[in-house]
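The values are calculated or read from the model by the stated rules, or taken from the named source; none is laboratory data. This structure is a prediction, so every number in the text was calculated from the model and none was measured. So basically every Cβ, Gly included, is an ideal-geometry build from the backbone, and we count neighbours across all protein chains shown. Side chains included, ligands, DNA and RNA excluded: accessible areas come from the protein's heavy atoms. Shrake-Rupley method; radii C 1.70, N 1.55, O 1.52, S 1.80 Å.
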Amino acid sequence: MNNEVELIKVNTDDYEVLYANGKLVFEEDSLNLSEVINYLVNKHIVKYVTYYIKQNKLAEVYNWSFPNDFNEFDVSHLK
């Protein structure tokens, strides 16, 4: 069983999401650290990156909805 995980956090001014191996696993106004840590028990984090997306871009392009798969983002919209 492969327990390696690549994490990507994407946030805007008042919301943040966490992707694990490209799939959306958490989304909240503010990520709950206890839930994230419990999720990561017995996993090996091999990569962690963070991005920011402007609220107007999230609204215009993604209709205020973070994609379920990170690959659905146009990376030019992320900082």
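Data for the structure
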| quantity | calculated |
| --- | --- |
| Tally of residues being open to solvent by less than 50 Å² (accessible area, probe 1.4 Å) and not in a helix (DSSP H, G or I) across segment 46-63 | 2 |
| Check on Leu7, more than 11 Å from the chain's Cα centre (by Cα) and open to solvent by less than 60 Å² (accessible area, probe 1.4 Å) | no |
| Segment 30-65, residues that are within 15 Å of Tyr19 (Cα to Cα) and acidic (Asp, Glu) | Glu35 |
| Residue within segment 14-37 that is part of a helix (DSSP H, G or I) and surrounded by 13 or more Cβ atoms within 10 Å (Cβ to Cβ) present | yes |
